[in-house]
Amino acid sequence: MHRTGRLGGTTTAAGALLLGWGGLLGQEAVSSTPHAVARDTLRGLTGVHVVVEELRPEAVEDGLSKDAIEERVVQRLWDAGVRVLMEDQWTIAAGAPYLYLNVNAVKSRDLYVYAVDLQLNQTVKLERLPAVAVAATTWATGCRVGAVSADSVGVLAQVAAQSVDRFIEDYRAANSAK
């Protein structure tokens, strides 16, 4: 949920965000794609490009850094042996695969309500029309939601890194020699 306007201040925005997530606070949503099938979409993947969504200005002011998150994600992938594709490489790679990371943190007084979502998007072909190829999410962590104090907003970089660890685990499982 991205709010550009206000309905009575940031407390209302954070409250609406919490209500929208209902009982998911502190839990992970279940992906609509069965895990084994999603994992299979990673088989043969030769690398990924990393795209990190822009952060809200108040999160940046409180110490969260898009560049630091991106560097941490890229380093974790490299350390795990997952090739990271640069801008000029990913569009010509088979399937144009990219990891999309969205760290959405909404501030309400001295609290951030957050949602962290990591997805692998790649080009897929429609079975009924093989000539039609579109970008689609083929693997995702599910949305991780929670709340942290404003002075601890930097911990969201760690939450994002944990999502990347789940990707690495599935990537390794899909590409291990059997």
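The values are calculated or read from the model by the stated rules, or taken from the named source; none is laboratory data. Keep in mind it's a predicted model, so treat the numbers as computed, not measured. Cβ atoms come from the backbone with ideal geometry, glycine included; neighbour counts cover every protein chain shown.
Observations on the structure shown:
- Residue that is nearest to Ala80 (Cα to Cα), among those in region 142-160 that are out of contact with any strand residue (DSSP E or B) (no Cβ under 7 Å at 6 or more places or on another chain), of a type in the set (Gly, Ala, Ser) and surrounded by fewer than 16 Cβ atoms within 10 Å (Cβ to Cβ): Gly154
- Among residues of region 114-128 being of a type in the set (A, V, I, L, M), touching a residue at least 12 places away in the same chain (Cβ under 8 Å) and surrounded by fewer than 22 Cβ atoms within 10 Å (Cβ to Cβ), the one that is farthest from Leu77 (Cα to Cα) is Val124.
- Residue in region 78-99 that is crowded, with 17+ Cβ neighbours inside 10 Å, of a type in the set (Phe, Trp, Tyr), at pLDDT 95 or above and under 26 Å from Tyr171 (Cα atoms) present: yes
- Residue-level analysis places Arg76 outside the set of residues that are more than 23 Å from Tyr112 (Cβ to Cβ) and among the charged types (D, E, K, R).
- Residue list for region 71-88, restricted to those being touching a residue at least 24 places away in the same chain (Cβ under 8 Å), under 21 Å from Arg166 (Cα atoms), not in a strand (DSSP E or B) and not small (Gly, Ala, Ser): Arg72, Val73, Val74, Arg76, Leu77, Val82, Arg83, Leu85
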